[in-house]
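J.: This is the structure, below, for whatever I ask next.
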Amino acid sequence: MLIFTLLFLFSLFFLPQLFGQVIDRPNIVIFYTDDLGWQDTNLNNLGDAVPWETPKMEALAAAGAKFSQAYSPAPTCGPSRAAMLSGRHPVKTKVTQVSGGDLPKLSNSQADRKTIGPYYPGRLDVNEYTIAEALSANGYHTGHVGKWHIAGANGFPVAVDQGFNTEFTSRGVQQNMGDRYDISNFGGNDPNYPLDADGIPYDSVTDEAVAYIENRVAANGGEGEPFFLYMATWLVHTPIQTRDLPMLQAITQTLVNSGQIDTSDVGPNGIPTETTPLTADGEYNPFYGAMVQTLDWSLGKLVDYLQATNDPRHPGRTLFETTYIIFSSDNGASEQNNAANGFEVVADNFPLDLGKTSSREGGIRVPMIVTGPEIPVAEYSNVVNGLDFFPTILSLTETTIASNISDDFDGADLSDLLKGTNTIVEQTVNGVTTERTDLFWHYPNASDEKSKSSIRRGNYKIYKKYVDNTYQAYQLYNGGDNLVDVEEAINVITTMDQALKQDMIDTLEAYLVDNDARFPAWNPDYAEADGPLPNQDLVPAIASLTYSQTTGSAKLMIEDDATKAAISYGHLLFRRNETNEEWFEAGVVSINGNIITANVPSDAYKIVFNLRDENNFLVLSDELEIVNITQITLNIVDEVQL
């Protein structure tokens, strides 16, 4: 599974000289891209090379470990970021989709769905222990630059609330430029984006990342300090745009030369116009290509600084030699975009199926590179995940944390694999270390077709599809990187080894149950032509909802109808009296026949009962505003004296 290169064999002779000196608390940089797909660069190309250049990414890969089968924890950004920073799977953090904290309802445009996703929070719980908190306790200065996206609707908690010393959350060059065809909006014309010495439009995110490291070098009177930089660029997330006019012109000309864009569709400024069709399958969108190249430039500027700067804590070494860099993405590429002038193709994850917002391979397969001390140059086909970052960083930095936290990690320590002392990924569970064989995904908040959970084991991947409770299986590989059906086109659920199939299904189901996974419910208001759904006519009705200030509890009464389904379980949701609406889960309800009760948090402003009946239909109460009356006790003695 490990492919050794000639450079690795060469490095064996020089590792003792290069790494003989012990590095005290090596620096950590996580360069986390936004929506960068597995096929968007020349790192993992299957088929034709992309028509844009990524030399800095390729140079970084040539300096360390490159993974061909790396995955994100989820197919969207918020869940992946929460999982990566905490080391805990989305099924545990409950952050299973972006922009949570809403009531589990369908919008008018979603009324044709048979299922409704479960409630999920809009924030990473402030009590979750993060990489930043662990490294801070080991004497590291910790900084976050760029996208956070795991705070609640009211802006809490942000990075400095979860262990980071500093934060900078601008979008930088990815701030929406409005009309992407208007020459006045490009760098050098827009005064907010002057050109740097290289002719690149100013990007505050990249500059702040470099400045953060500069400040760490200058700390303690120039003696420096160990640092952890979480560089979370907004590239290459929508809007699909670029402020780099010469770069866009060059990529457009490349696509004209290859026949992908017709000369007549190029405007007088050498770029596409509003009427240029960008609808062909493949990696042919020049705006997106310029975004990928800008991302490559940003990575290069940071790496160039590390390579050119001496580490004051380790004389004779550069920061690049004393820093571990982890480069990856939060999910797969978003393949389509509704631009101002209509639909356009942004990227193409082929041969991987689908993209962002899907747990199919195109939505969760991501590029991944790791460089740093004692990491030889190598290419790996081992199956790895963003959940592995936290335990790996702890090992690389010799940072220790409480066992009750590390025992709940869902990732594996990759340090032995990275350093060439092991060829497999090992994971420690309950004090026992064995080969990690399974990866899991849980994505219940999506369309009927995309709402799934899945397990990857070896060459196979199995999905559980919630809209019909069926299973699908695909053989992706036949060992290593030997492709079989990475396109996930042939369902082998009935032809694969049936013992393996059942064990994978049983393992997936057990994982979900053991971690209190939340599942989609059936839509009680489904009214499409193929309705009603089975047992939809049995959904019970709510008779009343009341709150008692005396007991601090709420009571919901279900209509007394023996022909209807019973309530099986549920949770109380509440929101505080804050500017922006954000719902929280208070706890499980108590069920006694048709009477459902729950304790109400003292700071609740409104409450909702979020219930399921015995057929798994959603039963959601109306909102009830909590009004607590201030009681005044009179002094009886004083009354008598009057």
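The values are calculated or read from the model by the stated rules, or taken from the named source; none is laboratory data. On a predicted model such as this, the values are computed, not experimentally measured, just so you know. Cβ: placed from backbone, ideal geometry, glycine included. Neighbour counts: every protein chain shown. What goes into the accessible areas is simple: the full protein's heavy atoms, side chains included, and nothing from ligands, DNA or RNA. Shrake-Rupley method; radii C 1.70, N 1.55, O 1.52, S 1.80 Å.
J.: Can you give the three extents of the C-alpha atoms in the range 136-181 along their principal axes, from longest to shortest, in whole Å?
T.: Principal-axis extents of the Cα atoms in the range 136-181, largest first: 49, 23, 10 Å.
J.: Roughly how many Å² of residue 620 are accessible to a 1.4 Å probe, to the nearest 10?
T.: 40
J.: Which net charge results for the neighbourhood of residue 380, defined as the other residues with beta-carbon distances under 10 angstrom from its beta-carbon, given Lys and Arg at +1 and Asp and Glu at -1?
T.: Working: positive: 66; negative: 379, 481.
Charge balance near residue 380 sits at -1.
J.: For the range 374-430, what is the accessible area per residue in Å² when the probe is 1.4 Å?
T.: 38
J.: Net charge around residue 185, counting only other residues with Cβ within less than 13 Å of its Cβ (Lys, Arg = +1; Asp, Glu = -1)? Intermediate values should be presented prior to the final figure.
T.: Working: positive: 180, 243; negative: 179, 182, 190, 244.
Taking every Cβ under 13 Å from that of residue 185, the sum is -2.
J.: While we're looking at this one, here's another question. Could you point to the residue in 401, 502, 98 farthest towards the positive end of the chain's charge dipole, with +1 and -1 charges on the Cβ of Lys/Arg and Asp/Glu respectively?
T.: 401
J.: Another question, if that's okay. For residue 442, what charge total do you get from the other residues with a beta carbon under 9 Å from its beta carbon, if Lys and Arg give +1 and Asp and Glu give -1? Before the final figure, lay out each step's value.
T.: Numbers: positive: 452, 518; negative: none.
Spelling it out: positives minus negatives among the neighbours equals +2.
J.: Say R0 is 30 Å: what FRET efficiency, to the nearest 0.05, do residue 407 and residue 499 get from their beta-carbon distance?
T.: Values: r = 30 Å, r/R0 = 1.01.
So, using R0 = 30 Å, E works out to roughly 0.50.
J.: While we're looking at this one, here's another question. What number comes out for accessible area per residue over the range 507-642 if the probe is 1.4 Å? Units Å², please.
T.: Details: 7900 Å² over 136 residues.
Here the per-residue accessible area is 58 Å².
J.: Using DSSP to define loop residues, name the GluC sites (Glu not before Pro) in the range 546-598 whose beta-carbon has at most 16 other beta-carbon atoms within 10 Å.
T.: Working: sites: 559, 578, 581, 582, 585; in loops: 559, 578, 581, 582.
Answer by residue number: 559, 578, 581.
J.: Same structure, new question: Between residue 258 and residue 599, what is the spin-label point distance in nm, taking each point 7 Å from the Cα along the Cα→C-beta axis?
T.: With each label point 7 Å from Cα toward Cβ, the separation is 6.2 nm.
J.: Compute the angle between helix 286-308 and the longest alpha-carbon principal axis of the chain, please, reported from 0 to 90 degrees and rounded to the nearest 10.
T.: Here the helix axis deviates by roughly 70 degrees.
J.: Sticking with this structure for a sec: Divide by every residue of the chain the summed helix terms, -39500 (n - 2.57) for each DSSP H run of at least 4, and state the resulting mean residue ellipticity at 222 nm, rounded to the nearest 500 deg cm²/dmol.
T.: On the way: 14 runs with 140 residues, N = 642.
Only helices count here, giving -6500 deg cm²/dmol.
J.: Apply the Karplus parameterisation 6.51 cos²θ - 1.76 cosθ + 1.60, with θ equal to phi minus 60°, to every residue of the range 41-46 and state each ³J(HN,Hα) to the nearest whole Hz, in sequence, with x for glycine and proline.
T.: With the stated coefficients, the range 41-46 comes to 10, 9, 7, 10, 4, 10 Hz.
J.: Going Cα to Cα from residue 606, which lysines come in below 27 Å? Please leave out same-chain ones fewer than 8 positions away.
T.: Answer for residue 606, where 27 Å is the Cα cut-off: 92, 94, 105, 555, listed by chain and number.
J.: While we're here: What part of the accessible area of the chain, given as a whole %, is carbon or sulfur when the probe is 1.4 angstrom?
T.: Details: 13090 of 26700 Å².
Looking at the chain in its full context, I get 49 percent from C and S.
J.: Further, regarding this structure: What angle, in degrees between 0 and 90 and rounded to the nearest 10, separates the Cα long axis of helix 498-514 from the longest principal axis of the Cα atoms of the chain?
T.: That works out to roughly 60 degrees.
J.: Could you work out how far helix 204-222 tilts from the main Cα principal axis of the chain, as a 0 to 90 degree angle to the nearest 10?
T.: It is inclined by approximately 80 degrees.
J.: Once you've got the Cα coordinates, tell me which of 147/465; 114/564; 464/564; 356/501; 66/461 are over 24 Å apart. Each step should come with its number before you reach the end.
T.: Values: 147/465 31 Å; 114/564 20 Å; 464/564 29 Å; 356/501 27 Å; 66/461 22 Å.
From 147/465; 114/564; 464/564; 356/501; 66/461, over 24 Å: 147/465; 464/564; 356/501.
J.: A follow-up question, please. May I have the convex hull volume per residue, in Å³, for the Cα set of the range 145-280? Walk me through the numbers before you get to the answer.
T.: On the way: hull volume 22.4 nm³, N = 136.
Looking at the range 145-280, the number lands at 165 Å³ per residue.
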